[in-house]
1. Only one of these conditions is not met by V66: (1) assigned to a helix (DSSP H, G or I); (2) under 21 Å from I103 (Cα atoms). Which number is it?
2. Out of all the residues in segment 249-300, which are crowded, with 21+ Cβ neighbours inside 10 Å and of a type in the set (S, T, N, Q)?
3. Hey, among the residues in segment 330-370 that are under 20 Å from R283 (Cβ atoms) and of a type in the set (V, I, T), which one's surrounded by the most Cβ atoms within 10 Å (Cβ to Cβ)?
4. Consider segment 231-242. How many of its residues are touching a Lys or Arg at 6+ places or on another chain (Cβ under 8 Å) and not in a strand (DSSP E or B)?
5. Condition check: in a helix (DSSP H, G or I) and out of contact with any Leu (no Cβ under 6 Å at 6 or more places or on another chain). Does T88 satisfy that?
6. Does segment 188-203 hold any residues that are touching a helix residue (DSSP H, G or I) at 6+ places or on another chain (Cβ under 7 Å) and part of a helix (DSSP H, G or I), and which are they?
7. Given the criteria in contact with a strand residue (DSSP E or B) (Cβ under 6 Å, 6 or more places away or on another chain), in contact (Cβ under 8 Å) with a residue 40 or more places away in the chain and under 15 Å from A62 (Cβ atoms), does A327 qualify?
8. Of D271, D332, which residue is at pLDDT below 95 and touching an Asp or Glu at 6+ places or on another chain (Cβ under 9 Å)?
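The values are calculated or read from the model by the stated rules, or taken from the named source; none is laboratory data. What you see is a predicted model, and the numbers here were worked out from it, not measured in a lab. Here the Cβ is made from the backbone with ideal geometry for all residues, glycine too, and neighbour counts use every protein chain on show.
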Amino acid sequence: MSAFAGLANCHSHVFHRALRGRDVGGDTFWAWRERMYAVARVLDPDLLHDLAVATYAEMRLAGIGVVGEFHYLHHGADGVPYDDPNTTGEVLISAARAVGLRICLLDACYLASGFGRPVEGVQRRFSDGDTDAWAQRMADLAARHAGADDVVVGTAIHSVRAVPPEQLATVVAALPQAPLHVHVSEQQQENADCLAATGRTPVALLAEAGAWSPRTTAVHATHLSRADIATLGAARAYACFCPTTEAELADGVGPSTGLRDAGARLTLGSDSNTVIDLFAEARAVEMHERLTGGRRGSWSAAALTEAATATGYASLGFAPDLAAADAFTLHDSVRLAGAVEPLWAATAADVEPPKDLPYEADEVAAMMRRAVDAVWGRR
């Protein structure tokens, strides 16, 4: 057996777990998104809680000690807030605590369906109407959990297409000491739309709003110009890559080495939870570089381990040394036999189940089946 520091899953949409292994169709990201919205439409707080407990338990079984939950499923299916406007955020925090997972709840501002277009359909669940209402609700949630050692409340801009340009600065300023995350240039269409509407790339538009700093994470950062890379590097921002999702959604391969060389810091996430395996995410960063660049060894095991552990913890507002406190054990397996560096060989299946997890693996699987079947039974 060998010890490994706790892993940081820096970008998760927990409810996407219900899509795993299902034929959701669609040959582009935008077509896939419509199927994802169909899941978002049917989730109430109880079902969201059940799905989140099972998904977060799966993360603990995979060696993950902290999750960054990018949260925008805020209100009822008709867009009307629950009696407690932070009901769903509290549900996710409760689910993480139920399985002993630290959580950074990244409350995302989501106000538009595109540049100059109001939210429509299920997106009404995501919207608070304006940034002032979002900021008030989010500040209340942050105040409730101030001082907690297992919860950080951070902020998020869903994307430049989802927050009007004139309101971006309000989101940036809402919790100035907390983590700030934002989906950036995941799709080429996003870049084209932003350029057409504002004359700027998403990174440049966010820079004008003061978004880029050492507390900010650019999620995906796939389709960047040289100037974009320089901006993120100069800010010492984090760049969260989610290779299994980026492959699943045909997003593309981001410039991980370019960002690193410019000064940005790599972190990793499971995003749509098509796979919950941070070893797979870490290896894919290097393997994608080999496929696109024709060169081996751009990322060392040590650098990828740092990204998956201490750097990830820091990006979510937790002390980096908590990664050591959340260390787990890799058991001897055929995959690890003869391996000197476990990062190149291990999978989530090689993680010894944590002793403080209140469920056995087969119980987690049963909970997941019930929750996912309930979701699809409502569609």
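1. (1)
2. Within segment 249-300, S256, T267, S270, S272, N273 meet the criteria.
3. V351
4. Qualifying residue count, segment 231-242: 2.
5. No: the conditions fail for T88.
6. Once the filter is applied, which keeps residues that are touching a helix residue (DSSP H, G or I) at 6+ places or on another chain (Cβ under 7 Å) and part of a helix (DSSP H, G or I), segment 188-203 yields E190, N191, C194, T198, P202, V203.
7. yes
8. From the options D271, D332, the qualifying one is D332.
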